[in-house]
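A quick write-up on the structure given underneath.
Read-outs: derived from the displayed coordinates by stated rules, not from any lab. On a predicted model such as this, the values are computed, not experimentally measured, just so you know. Cβ: placed from backbone, ideal geometry, glycine included. Neighbour counts: every protein chain shown.
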Amino acid sequence: MKNRIFAIALMFCLMAGAMAVAQEQRQKAQAGKKEPLTTEQMARRRAEHMGKELKLDAKQIEAVYEVKLNTMKREQAQQAEKKKIKQDETAQMKQILTEEQYKQWNELRRPARPMESRRPRTVEGLEKGPKAAPKK
């Protein structure tokens, strides 16, 4: 009798665990399918987050939203302009250089490693500020 109860309880626990894992996998799959936020949505989220953190009133949140939105739009315009400049440079270099030189130039332009690996992950071991000269 005890063995049957134990077996039923064990089966119930295994089924509950399997269901939880399946639900978690479904949620992760759905999370990956989300559409990217618009500039306005990102600015609104950031303003609301600041409102919660800094205990802002509705007027302040709206003002922060406007500032964030303006800043984000300006940054996007700068990124688009920078991309256009790079495309123009590439087109001009392609006209000037031979095919072999162009390939070499493209290789030289690529960084040796990603920017993330160039930055230290932690601040441990980093000195704060320039070294001071030893006092005499």
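Length gained on full extension, E62 to R110, computed as 0.36 nm times the residue gap minus the Cα-Cα distance: 13.1 nm. With the charge dipole of region 38-110 set up from +1 on Lys and Arg Cβ and -1 on Asp and Glu Cβ about the Cα centre, the Cα lying farthest toward the positive end among the listed residues Q76, Q95, L54 is that of L54.
Extension gain for the segment L37 to E100, taken as residue separation times 0.36 nm less the Cα-Cα distance, is 18.5 nm to one decimal.
Fully extended, how many nm does the chain gain between R4 and L54 (0.36 nm per residue separation, minus their Cα-Cα distance)? Difference between extended and current length: 12.2 nm.
Size of the dipole of region 38-110 about the Cα centre, Lys and Arg at +1 and Asp and Glu at -1 on the beta carbon, nothing else charged, in debye to 20?
Working: 17 positive and 13 negative charges, 31 e Å.
Computed charge dipole of region 38-110: roughly 140 debye.
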